[in-house]
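The values are calculated or read from the model by the stated rules, or taken from the named source; none is laboratory data. Note that this is a predicted model, so its numbers are computed, not measured. FYI the Cβ positions are ideal-geometry reconstructions off the backbone, even for glycines, and counts take in every protein chain you see.
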């Protein structure tokens, strides 16, 4: 039970020391110190720092001065067993591990997420990313379709025409391919990008393709959407570089990345000034080996709560099996995805990359129509 709550506007005392900053004193029973403070007072706090019993005064003064220099307002709870600092302000730039490592600190809990630009709390309205005549997000369903790897000009142009006729609004295709084996097909590189541009000229479909390395960035000048692959999700130099570009960036979730780690990658791009960021779930690695990865459809409602950024689902890489693409695509649309990235190949049996997970154009066509119909029906229900 809380026995006394008093607001002190200018000073507070800890272990005989006087500190000048707004404070809240909370005196509580020892066993309930931390829990009472968090239950009753964490609303509005960005971070909570639990100090060890009878903290060293000099170290505490140093910590408080450092936090105040960063513009943080400190509210203090003094219990019989713990002293707790409630921090108010932008704590996204504070190193939580650095604070936790201090001798006087027992625990640190972040109440405010470390990402700010990607945070829905700071940006309540959904972001809509415009790519030519295509809008990603904002109630639209964007279908990105095409081969995993560009193999020839004839191939990618034919597939682009087919997927456009079926309802796709963007062309996906890999020119630079990150492969697990050094002996696997690595893509056509710059030549593949030129073939994608030809397909765009023939169909009008914007292109999305993967950037693997900083050295390739000049070649992506005419690419419509830069894709950052799962293996590069935490390539921070690459994220900073695309953050300085004036074109949309789609970030695929790392194979073992948490939601927060994924959103922090988006934060890197947005901190550089590029707010046109798209998130793409492509399956995560779990103990299950039947499928290539495990598709996390729960990410859609979770991310819808945490962020304002559009969410794309890649059911092809998620499972590695073409027969699972349809049910998972339907599930993604039903769960509220903003779009899908689906691999389509005219001859999957002889594809140079990821043939088993690719749909033939004649199989993609009825699926695309089902997806668009389902989306339209769901939209009408929400009106």
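May I ask you to verify whether residue 341 is farther than 24 Å from residue 366 by Cβ and either more than 16 Å from the chain's Cα centre (by Cα) or in the same structural domain as residue 142 (by TED's automatic domain parsing) (or both)?
no
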Being farther than 27 Å from residue 374 by Cα, touching a residue at least 24 places away in the same chain (Cβ under 8 Å) and touching a strand residue (DSSP E or B) at 6+ places or on another chain (Cβ under 8 Å) is true for just one of 229, 167, 173. Which residue is that? 229
Among (1) in contact (Cβ under 8 Å) with a residue 24 or more places away in the chain; (2) under 23 Å from residue 380 (Cβ atoms); (3) surrounded by fewer than 22 Cβ atoms within 10 Å (Cβ to Cβ); (4) touching a helix residue (DSSP H, G or I) at 6+ places or on another chain (Cβ under 9 Å) - the single one residue 327 does not satisfy: (1)
Close pairs from the range 104-120: first outside the structural domain of residue 272 (by TED's automatic domain parsing) and within 15 Å of residue 305 (Cα to Cα), partner surrounded by fewer than 17 Cβ atoms within 10 Å (Cβ to Cβ) and modelled with pLDDT under 85, Cβ under 6 Å, at least 6 apart: 116/122
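Looking for something buried (at least 20 other Cβ atoms within 10 Å of the Cβ), in the same structural domain as residue 262 (by TED's automatic domain parsing) and within 28 Å of residue 151 (Cβ to Cβ) - is there at least one such residue anywhere in the range 303-311? Steps first, answer last, please.
The first filter runs over the range 303-311 and keeps only residues buried (at least 20 other Cβ atoms within 10 Å of the Cβ), leaving 303, 307-311.
With in the same structural domain as residue 262 (by TED's automatic domain parsing) added as a condition, the list becomes 303, 307-311.
Cutting the leftovers down to within 28 Å of residue 151 (Cβ to Cβ) gives us none.
Checking the range 303-311: not a single residue is buried (at least 20 other Cβ atoms within 10 Å of the Cβ), in the same structural domain as residue 262 (by TED's automatic domain parsing) and within 28 Å of residue 151 (Cβ to Cβ).
Quick one: is residue 271 surrounded by 24 or more Cβ atoms within 10 Å (Cβ to Cβ), modelled with pLDDT under 95 and touching a helix residue (DSSP H, G or I) at 6+ places or on another chain (Cβ under 7 Å)?
On the way: surrounded by 24 or more Cβ atoms within 10 Å (Cβ to Cβ): no; modelled with pLDDT under 95: yes; touching a helix residue (DSSP H, G or I) at 6+ places or on another chain (Cβ under 7 Å): yes.
Judged against the criteria, residue 271 is not a match.
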Tell me yes or no: at least one residue of the range 342-363 is at positive phi and touching a residue at least 60 places away in the same chain (Cβ under 8 Å). yes
Kindly list the number of the only condition in (1) under 30 Å from residue 376 (Cβ atoms); (2) without any contact (Cβ under 8 Å) to a residue 60 or more places away in the chain; (3) more than 23 Å from the chain's Cα centre (by Cα) that fails for residue 135. (3)
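Evaluate the following for residue 300: is it assigned by TED's automatic domain parsing to the domain that holds residue 354, out of contact with any helix residue (DSSP H, G or I) (no Cβ under 8 Å at 6 or more places or on another chain) and either at pLDDT 95 or above or surrounded by 17 or more Cβ atoms within 10 Å (Cβ to Cβ) (or both)? So that I can check it myself, show each step before the final result.
Working: assigned by TED's automatic domain parsing to the domain that holds residue 354: yes; out of contact with any helix residue (DSSP H, G or I) (no Cβ under 8 Å at 6 or more places or on another chain): no; either at pLDDT 95 or above or surrounded by 17 or more Cβ atoms within 10 Å (Cβ to Cβ) (or both): yes.
Spelling it out, it is not the case that residue 300 is assigned by TED's automatic domain parsing to the domain that holds residue 354, out of contact with any helix residue (DSSP H, G or I) (no Cβ under 8 Å at 6 or more places or on another chain) and either at pLDDT 95 or above or surrounded by 17 or more Cβ atoms within 10 Å (Cβ to Cβ) (or both).
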Quick check on the range 113-126. Is at least one of its residues closer than 25 Å to residue 350 by Cα and part of a strand (DSSP E or B)? no
State whether the residues of the range 330-353 include one that is touching a helix residue (DSSP H, G or I) at 6+ places or on another chain (Cβ under 7 Å), crowded, with 20+ Cβ neighbours inside 10 Å and part of a loop (DSSP other than H, G, I, E, B). yes
Within the range 254-266, restricting to residues that are surrounded by fewer than 23 Cβ atoms within 10 Å (Cβ to Cβ) and in contact (Cβ under 8 Å) with a residue 12 or more places away in the chain, the one that is nearest to residue 338 (Cα to Cα) is 259
On the basis of being over 27 Å from residue 264 (Cβ atoms), in contact with a helix residue (DSSP H, G or I) (Cβ under 7 Å, 6 or more places away or on another chain) and at pLDDT below 90, does residue 79 make the cut? yes
In this structure, does residue 230 turn out to be in contact with a helix residue (DSSP H, G or I) (Cβ under 9 Å, 6 or more places away or on another chain) and either under 23 Å from residue 266 (Cβ atoms) or outside the structural domain of residue 276 (by TED's automatic domain parsing) (or both)? yes
Flagged in the range 274-297 as surrounded by 21 or more Cβ atoms within 10 Å (Cβ to Cβ) and under 14 Å from the mean Cα position of the chain (by Cα), in numbering order, are 276, 277, 278, 279, 280, 281, 282, 283
Can you name the number of the only condition in (1) modelled with pLDDT of 90 or more; (2) surrounded by fewer than 13 Cβ atoms within 10 Å (Cβ to Cβ); (3) touching a strand residue (DSSP E or B) at 6+ places or on another chain (Cβ under 9 Å) that residue 98 fails? (3)
